[in-house]
Amino acid sequence: MTEALRETDLRPLERLVSGPRPTFAEGNELVRRRYARERRFRLMGLGAIGLALGLLAVLLLSVGTQGYKAFWQTYVTLDIDFARDRIDPEGTGDPAVIGKANFQELINGALYRMFPDVEGRRDRKALRGLVSSAAALDLREQVKADPSLIGQTVPVEMLASDDIDQLMKGEIDRNLKESNRRVKDRELIWVDALAEQGRIETRFNTVLFTHGDSREPEQAGIWGAVVGSFYMMIVTLLLAAPIGIAAATYLEEFAPKSRMTDFIEVNINNLAAVPSIVFGLLGLAVFLQVFHLPRSAPLVGGLTLTLMTLPTIVVATRASLRSVPPSIREAALGMGASKVQTVAHHVLPLALPGILTGAIIGMAQALGETAPLLMIGMVAFIVDIPATPLDPATALPVQIYLWADSPERAFTERTAAAIMVLLAFLVIMNALAVILRRKFERKW
């Protein structure tokens, strides 16, 4: 019995086909082992899925717990005295005259009036640090937009500095020793006094979605990067989709089978696996150094991403065209349609779900790319919102890269928040691909 089982273990197939018939016990043992292997295989598959879901949950939890705080921002309300003699002594109402006024003095005056016992240059500097250093610019824009404020004393909400914002969010532990805190004891007293008067509050952070980049964390937003990414995606979509679909259709339906065709097909398949930074080097050499297109512009970024996305769209489109049954083509040709009519009127519409899916997934991949954009200079610090694809801009992945490299603590939560926004865009694009595929899907 032992020797028979050993022989069965070594050569089970030969034993069943040409050897002596296994006994009933041997057959049961083989079936038991087969079922055991299948159970192990299923458990390994479930374990792999569980591990992937666990890692995904850890990633989302890590990003979410850090990023949600960036959607809230601390504001300080001060009674600003818009003294006419300091802003527009002659009452011209000219925005140019108003723009030259020293609005930082107005903010400082409001703080000194609230805390008259604060004296000394060092303490007054710390007091001024409660409010964002860019608050004077916001105040100037408010007065330009509403000159009737001149001559009045009104309460104005302004951004708190990043340290005070972190303190209010609990990121800075006030129980630590003063030497280990960025917010000192005297600043804690001032913040508590403002809180008792209801002059400090934390509410939804609109700055994050309306401003461009800034060196001050409380003034930094993602809107410039979102607009830059939008222009880049438009350029990529307008170029990559038609060129990729046309190239794939020609190669699959019209190109003669020759060595040249095989050479092109093999190279397109290989290009789909080339690291993205290689396309960045190509874009740098061709678009910037040869054609001298504007650096850091969404146009160049879109062209570079077009080079990267084209192979993906070509491969997906060819696979989709290949999935259309030959009977469709034969029926159309049999009814007298030309080759072009067969492809344009029958094959392409039926392959549309796969083509759309490939194009959207290629665009989603392009949206999340960073390396090729770094090579063409889109890592530059851009504050203004781009108005056209030719204006200097950055992209959302590059903005994440820049903020992740910033030393200020407040940029950590903004980095996570930008990742959440980018993930949301990617999920929406992939969901759109699934919806379109199901809507137009045909079952043969």
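Expressed per residue, the C-alpha convex hull volume of the range 123-227 stands at 132 Å³.
Please give the helix 24-67 orientation as an angle from the longest Cα principal axis of the chain, in degrees from 0 to 90, rounded to the nearest 10. With both axes taken from Cα atoms, the answer is about 20 degrees. Just checking the listed ones, N175, N102, N28: in the Gaussian network model of the chain with Cα springs under 10 Å, the one fluctuating most is N28.
At the listed q of 0.20 Å⁻¹, the Debye profile of the range 196-282, built from one uniform point per Cα, gives log10 I(q)/I(0) equal to -1.06.
The angle between the Cα long axis of helix 410-440 and the longest principal axis of the Cα atoms of the chain comes to about 40 degrees, rounded to the nearest 10. Model label points for D94 and I435, set 7 angstrom from Cα along the Cα-to-Cβ axis, are 5.4 nm apart. Pairs of Lys residues in the chain that lie 8 or more places apart, or on two chains, and have C-alpha atoms under 30 angstrom apart add up to 16. Averaging the sequence gap over all C-alpha pairs within less than 8 Å and six or more residues apart, then dividing by the number of residues, gives the chain a relative contact order of 18 percent. Backbone amide hydrogens, once placed in the peptide plane, bring V131 within less than 5 Å of S161, excluding anything fewer than 5 places away on its chain.
Among the GluC sites (Glu not before Pro) within the range 82-179, those in coil by DSSP and having at most 12 neighbouring Cβ atoms inside 10 Å are E90, E119. Structure remark: mean-square fluctuation, Gaussian network model of the chain, C-alpha springs under 10 Å; the largest value among A351, A393, A417 belongs to A351. Seen against the Cα atoms of the chain and their longest principal axis, helix 135-145 is set at about 80 degrees.
Computed from the Cβ-Cβ distance with R0 of 45 Å, the FRET efficiency linking N175 to L137 stands at 0.80.
Nonpolar atom fraction for the range 32-86, defined as the carbon and sulfur part of the 1.4 Å probe accessible area, stands at 68 percent. Just the protein heavy atoms count here, and of the accessible area of the range 384-436 at 1.4 Å, carbon and sulfur take up 72 percent.
Counting Cα-Cα pairs of the range 317-444 in 5 Å increments starting at 0 gives whole-percent bin shares of 2, 10, 14, 14, 13, 10, 9, 8, 7, 6, 4, 2, 1, 0, 0. Pairs of Cα atoms in the range 168-233 fall into 10 Å distance bins, from 0 up to the last occupied one, in shares of 17, 32, 29, 15, 7 percent.
The values are calculated or read from the model by the stated rules, or taken from the named source; none is laboratory data. The shown structure was predicted, so the numbers you read here are calculated from the model rather than taken from an experiment. A quick note on method: Cβ atoms are made from the backbone with ideal geometry, for glycine too, and the neighbour counts reach across all protein chains shown. Quick note on the areas: whole protein, heavy atoms, side chains included, nothing else; ligands and nucleic acids left out. Shrake-Rupley method; radii C 1.70, N 1.55, O 1.52, S 1.80 Å.
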